[in-house]
1. Taking the conditions exactly as written (surrounded by 13 or more Cβ atoms within 10 Å (Cβ to Cβ), modelled with pLDDT of 95 or more and part of a helix (DSSP H, G or I)), does M60 satisfy them or not?
2. Take the conditions within 12 Å of the chain's Cα centre (by Cα), buried (at least 19 other Cβ atoms within 10 Å of the Cβ) and at pLDDT 90 or above and apply them to A25. Does it pass?
3. Applying the selection to region 39-53, what residues are assigned to a helix (DSSP H, G or I) and surrounded by 13 or more Cβ atoms within 10 Å (Cβ to Cβ)?
4. For region 15-33, check the following and say yes or no: at least one residue is in contact (Cβ under 8 Å) with a residue 40 or more places away in the chain, over 25 Å from P76 (Cα atoms) and not in a helix (DSSP H, G or I).
5. Here are some conditions: (1) in contact with a helix residue (DSSP H, G or I) (Cβ under 8 Å, 6 or more places away or on another chain); (2) more than 30 Å from S11 (Cα to Cα); (3) at pLDDT 90 or above. W67 meets all but one. Which one does it not meet?
6. Consider only pairs whose beta carbons are under 6 Å apart and that are at least six residues apart or on different chains; among these, list those whose first residue lies in region 60-78 and is in contact (Cβ under 8 Å) with a residue 24 or more places away in the chain and more than 19 Å from L27 (Cα to Cα) and whose second residue is β-branched (V, I, T) and surrounded by 14 or more Cβ atoms within 10 Å (Cβ to Cβ).
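The values are calculated or read from the model by the stated rules, or taken from the named source; none is laboratory data. What you see is a predicted model, and the numbers here were worked out from it, not measured in a lab. Cβ atoms come from the backbone with ideal geometry, glycine included; neighbour counts cover every protein chain shown.
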Amino acid sequence: MFDLNTLADFSRTHCVSICAFLVPANLVATSVTIALTLLQQSKARVWQSAGTASILALVMLLHVFTWFIIGVVMVPTYVLLWLGTSCLLTNLGMVAYSYNMIHLSKSYARIP
């Protein structure tokens, strides 16, 4: 059976190694999404990149919430919460921006 307590304990026990992976991974994946959007790559590539980056951001948020559950409220938890939230919102914004830019470019192409 799936036990959330065991998963939360694993997350808290290996916090340094999890954060050592998730922080750079979130920054790199979100940067790739921004670059693909600004280079006007296909919507599928932007969605794929944003999906991967959003999963990483959600994992970071879940990791931070395991600390909040046991009552650990420190500056690093808030910094990681801010990083995960800003990466998630940036990825969602890039998907919306790429969607709007494609539709705007198609509508301007029809104007004589």
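1. Values: surrounded by 13 or more Cβ atoms within 10 Å (Cβ to Cβ): yes; modelled with pLDDT of 95 or more: yes; part of a helix (DSSP H, G or I): yes.
Yes.
2. It is false that A25 is within 12 Å of the chain's Cα centre (by Cα), buried (at least 19 other Cβ atoms within 10 Å of the Cβ) and at pLDDT 90 or above.
3. Answer for region 39-53, where residues must be assigned to a helix (DSSP H, G or I) and surrounded by 13 or more Cβ atoms within 10 Å (Cβ to Cβ): K43, R45, V46, W47, Q48, S49, A50, G51, T52, A53.
4. No - not one qualifying residue is present in region 15-33.
5. (2)
6. W67/T77
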